[in-house]
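The values are calculated or read from the model by the stated rules, or taken from the named source; none is laboratory data. Nothing here was measured: the structure is a model prediction, and the numbers come from that model. So basically every Cβ, Gly included, is an ideal-geometry build from the backbone, and we count neighbours across all protein chains shown. Please note that ligands, DNA and RNA were not included when accessible areas were found on the heavy atoms of the full protein model with its side chains. Shrake-Rupley method; radii C 1.70, N 1.55, O 1.52, S 1.80 Å.
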Amino acid sequence: MSGTALDAAFFVRWMTAAAAAIDREAERLTELDSAIGDADHGTNMQRGFAAVVKMVEAEPPATPGAVLTAAGRQLISSVGGASGPLYGTLLRRTGKALGDAAQVSAEELRAGLGAGVDAVGKLGGSAPGDKTMLDALVPAVAGLATSFEAAAGAAEEGARSTVPMLAKKGRASYLGERSIGHQDPGATSSALLFAALAEVAR
Ligand code: ADP
Ligand code: MG
């Protein structure tokens, strides 16, 4: 992963690709949330990422850190569900870690996302194994040490690993044992974010 310099335009492309992936899969995300939540994850994510794309197109931020910080702020202000503040924190904290550099390396992005994912766990009081987005995000960041493709694969595998889990956080936890046997919607959207990252890096 050495040698890759990622600029603000790369991060704008990532956000745009993420929004497109979420649009394509919105129905599926909402279906998953209807099984163990309140059937709004697809529309929450669509609304949030549409606002992000609108913002980066209207006033493209100048640095990678600024793109992610502004995107995180948009998600927090435009998404009502739990996923808004959680994804907003992920992107804002990652953006803060990237500072004001004009370009960042893949390794710097991995470290930044590591800080972002830690902040999600702190905000949510959650950890891997609780059947949340962290079950995709944590392996994805670990996979980034190898490649963007490895990160996307690990996120997808992490999302699938939530199926047999008992939910310990979020709305799904209200269902207790009945949460078992369903894939977590947030882990599924996290896998989409990392698939979009691998797509733009290709
Ligand atoms: P809401 O649950 O408020 O309706 P969404 O449906 O948009 O919000 O998002 C639900 C997703 O948020 C879950 O599938 C889970 O991945 C994630 N989530 C919920 N609570 C937590 C938490 N405490 N920590 C981490 N992720 C969480
Ligand atoms: Mg929901």
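Among the aspartates and glutamates, select those whose C-alpha is under 18 Å from the C-alpha of residue 54, and discard any that sit fewer than 8 residues away in the same chain.
Excluding near neighbours in sequence, the set is 23.
Residue by residue through the stretch 20-34, what is 3J(HN,Hα) from phi via Karplus (6.51 cos²θ - 1.76 cosθ + 1.60, θ = phi - 60°)? Round to whole Hz and write x for glycine and proline.
Along the stretch 20-34, the couplings run 5, 5, 5, 4, 4, 9, 4, 4, 5, 4, 5, 4, 4, 6, 6 Hz.
What are the aspartates and glutamates whose alpha-carbon lies under 17 Å from the alpha-carbon of residue 168, with same-chain residues fewer than 8 places away excluded?
33, 38, 130, 135, 177, 184
Give me the angle, in degrees from 0 to 90, between the Cα long axis of helix 83-98 and the longest principal axis of the Cα atoms of the chain, rounded to the nearest 10.
Orientation of helix 83-98: about 30 degrees from the principal axis.
Hey, what angle do you get for helix 185-201 against the long axis of the chain, alpha-carbon based, 0 to 90 degrees rounded to 10?
30 degrees
Counting only protein heavy atoms and a 1.4 Å probe, tell me what percentage of the stretch 5-201's accessible area is made up of carbon and sulfur.
After summing per-atom areas, the C and S share lands at 53 percent.
So which trypsin sites (Lys or Arg not before Pro) in the stretch 102-169 end up in coil per DSSP with only 10 or fewer other C-beta atoms within 10 Å? Walk me through the numbers before you get to the answer.
Working: sites: 110, 122, 131, 160, 168, 169; in loops: 131, 168, 169.
Sites meeting the loop and neighbour criteria: none at all.
How large is the accessible surface per residue of the stretch 5-201, computed with a 1.4 Å probe and reported in Å² as a whole number?
Roughly 41 Å² per residue, with all protein chains present.
So how far, in whole Å, is the C-alpha centre of the stretch 19-66 from the one of the stretch 108-123?
19 Å
Got the relative contact order for the stretch 70-164 handy, in percent, Cα pairs under 8 Å and 6 or more residues apart?
The normalised contact order for the stretch 70-164 reaches 19 percent.
In terms of the Cα gyration tensor, with a ≥ b ≥ c the square roots of its eigenvalues, is the stretch 34-130 rounded because a/c is under 1.5, prolate because a/b exceeds b/c, or oblate?
oblate
Hey, what angle do you get for helix 64-78 against the long axis of the chain, alpha-carbon based, 0 to 90 degrees rounded to 10?
So the inclination is approximately 40 degrees.
Let's test the formula: R0 of 30 Å, r as the Cβ-Cβ distance of residue 9 and residue 96. What FRET efficiency results, to the nearest 0.05?
The value I calculate is 0.90.
How high is the FRET efficiency from residue 38 to residue 166, r the C-beta distance, R0 22 Å, rounded to 0.05? Before the final figure, lay out each step's value.
Details: r = 19 Å, r/R0 = 0.85.
Efficiency at R0 = 22 Å is approximately 0.70.
I need the phi-derived Karplus couplings for the stretch 49-63: 6.51 cos²θ - 1.76 cosθ + 1.60, θ = phi - 60°, integer Hz, Gly and Pro marked x.
Listing the rounded values in order: 6, 5, 5, 5, 5, 4, 5, 5, 6, 6, 9, x, x, 7, 10 Hz.
With θ set to phi - 60° and the Karplus curve 6.51 cos²θ - 1.76 cosθ + 1.60, what are the ³J(HN,Hα) couplings of the stretch 167-183 in order, to the nearest whole Hz, using x for Gly and Pro?
Using θ = phi - 60°, the values come out as 5, 10, 9, x, 4, 4, 5, 5, 7, x, 4, 5, 6, 5, x, 10, 7 Hz.
Over the stretch 5-201, with a single point scatterer placed on each C-alpha, what log10 of the ratio I(q)/I(0) does the Debye formula yield at q = 0.09, 0.15 1/Å?
-0.28, -0.80
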